[in-house]
Amino acid sequence: MFENIRSDIRAVKERDPACRSSLDVVFSYPGFHAVVMHRLAHRLWKRKFFFMARLLSHVSRLLTGIEIHPWATIGRGFFVDHGMGVVIGETTEIGDNVTLYQGVTLGGVSLKKEKRHPTLRNNVVVGAGAKVLGPFEVGENSRIGANSVVVKEVPPNSTVVGIPGRIVIKEGRKVDEVDLNHQVMPDPVAQAFNCMMEHLQLLHKRINTLSQREDQDQEQFEELRCRLDNIVRKTIEEAAKKQKEETAGAEEVKSP
């Protein structure tokens, strides 16, 4: 348990740039206080001191604003930033190096006494106000955007945004990479509009190309029409000239 507490202190110092020392963590971080009291309550719960475990959990909620059920399983390096309003249900399982922000709910959607809360694998980041509801897994190295509502399984190395949560696969993410920019999330709707705009631009270019070709064809048509007009005019002039010559010859024959 004490090794877990030391890893929790290291996690706060690594992930919160406002942290100045270990004393800051021990005396002024409610997320750390909630995790320490949860680890004590969890040990009491495992030894079947259910009332004492629930009482300690309730006191922790009153002092920190963070509610963690004593039976929830939490790994090493767990960090709750600010923490007010965080709720972690009874059958929740949390891996190592997981980060939660304020207002997060890891809740259940069933009244049966079974696994009804989510499982968060290692290196998961859950943004402020997000709700993860149901007995499914959130894969390693995944991020859940602020105010998202996740109701189905999330594969590893993924990002989830929106209501309900939409998955955006992220390739090539390193396991040891710590990315806390949970407010900077890709927007699938904006991406769809961008694709539409790119398609419209391509169509516009094609229309311009066809228009230029049409102008060139029109110029060639005008040039050809002028040539035909010249040929017709010359033909008519030659025919008229020939007719005049024949008429003049006929008059000369008649005059004697």
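The values are calculated or read from the model by the stated rules, or taken from the named source; none is laboratory data. Quick caveat, the model's predicted, so the values are computed rather than measured. All Cβ positions, even for glycine, are placed from backbone atoms using ideal geometry, and neighbour counts span all protein chains on display. Note: accessible area is taken over every heavy atom of the protein model, side chains too, but ligands, DNA and RNA are not part of it. Shrake-Rupley method; radii C 1.70, N 1.55, O 1.52, S 1.80 Å.
Are any of the pairs Lys48/Lys113; Lys13/Lys131; Lys46/Lys131; Lys46/Lys115; Lys48/Lys131; Lys112/Lys152 more than 21 Å apart by Cα-Cα distance, and if so, which? Where the Cα-Cα span goes over 21 Å, the pairs concerned are Lys13/Lys131; Lys46/Lys131; Lys48/Lys131. Each peptide in 150-157, 122-129 gets a packing score, the mean of other Cβ atoms within 10 Å over its residues, and the list from highest to lowest is 122-129, 150-157.
Report D for the stretch 1-94 in µm² per second (integer): Stokes-Einstein, Kirkwood Rh on Cα pairs, 25 °C, 0.890 mPa s. For these conditions, the coefficient is 186 µm²/s. Here the Debye sum runs over all C-alpha atoms of the stretch 59-142 as equal scatterers in vacuum, and log10 of I(q)/I(0) at q = 0.22 Å⁻¹ comes out as -1.03. Do any trypsin sites (Lys or Arg not before Pro) in the stretch 29-108 lie in a loop, going by DSSP, with at most 10 other beta-carbon atoms within 10 Å of their beta carbon, and if so which? Passing sites in the stretch 29-108 are Arg47, Lys48. For the chain, the share of DSSP beta bridges that are antiparallel, to the nearest 5, is 15%. Once the Cα-Cα distance is subtracted from the 0.36 nm per residue extended length, the Glu237 to Leu63 segment shows a gain of 51.6 nm. Only DSSP H runs of four or more residues enter the estimate; each adds -39500 (n - 2.57), and after division by the residues of the chain the mean residue ellipticity at 222 nm equals -16500 deg cm²/dmol.
Ordering Arg116, Arg233 by accessible surface, largest first, gives Arg233, Arg116; the 1.4 Å probe counts only protein heavy atoms, with every chain in place.
Quick note on the chain: its Rg to Rh ratio, both from C-alpha atoms and Rh being the Kirkwood radius, is 1.70.
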